[in-house]
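Comments concern the structure below.
Throughout, read-outs are computed from the coordinates displayed, never taken from laboratory work. In this text the structure is predicted, and so the values were computed from the model without any measurement. Here Cβ is always computed from backbone atoms with ideal geometry, including for glycine, and neighbour counts include all displayed protein chains.
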Amino acid sequence: MNNKAAITSTIGYMCLALTGWMLSMPNAGWFEPVQGHGTSMMYPLALVLVVMGILAFVNETALDAIIFFGGAGLFWAGHEFRRMSAGAAGEPAHYAAWYYFIWAVFFFYVWLGSFSAGLTRMLFLLGLWLALLALAIHDWTGARLFLALGGYIGLITSILAALTSAMAVPRTSAVMPFRSSTAAK
């Protein structure tokens, strides 16, 4: 992995970790769900993920590009979906379940393609599609157990994204060592 790809991975996976963590805490029952919880940060982080996806594609790290573009789509569309369904009538939970299910299917086949990409990426993708599937099952059945399960899987998945981000930093500093201002003279 070159230094530019490591920088892209560091930033992209941290965006996924931060957003996943903030959205999973209410689902896990740590906080009371609030209308629009955590969605105000989705637009800026989705934009950062689009930029990281483009940079990953340019740096020929196709899996990261797919993950970052997928994450941007998930968060951006999720924000719009929540915003539109927050009206007076709202959308039925069964309809929202399909949103989570389709994204779970997407990340499932990305996970299938990740087996040679390293353990943390593979486990991150496994957790991501399982969390989305649990949220879909919750919306279809109304079983609160699946909401909490999706929340806790989402929290673990966020930790895996943060670990993936952190693991890229040593590769970056090994290629681009940090210099003091006196060493540059």
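The table that follows gives values for the structure above.
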read-out	value
Val169, Val50 arranged by Cβ crowding within 10 Å, fewest neighbours leading	Val169, Val50
Per-residue Cβ neighbour rank within 10 angstrom, fewest leading, Ser158, Ser24	Ser24, Ser158
Radius of gyration, Dmax [segment 3-168; alpha carbons; angstrom]	15.2, 50
Per-peptide average of other Cβ atoms within 10 Å, ordering 104-115, 119-130, 56-67 highest first	119-130, 56-67, 104-115
For Trp103, Trp76, order by how many other beta-carbon atoms lie within 10 Å, fewest first	Trp76, Trp103
Relative contact order computed over segment 3-168 (Cα-Cα under 8 Å; 6+ residues apart), in percent	34
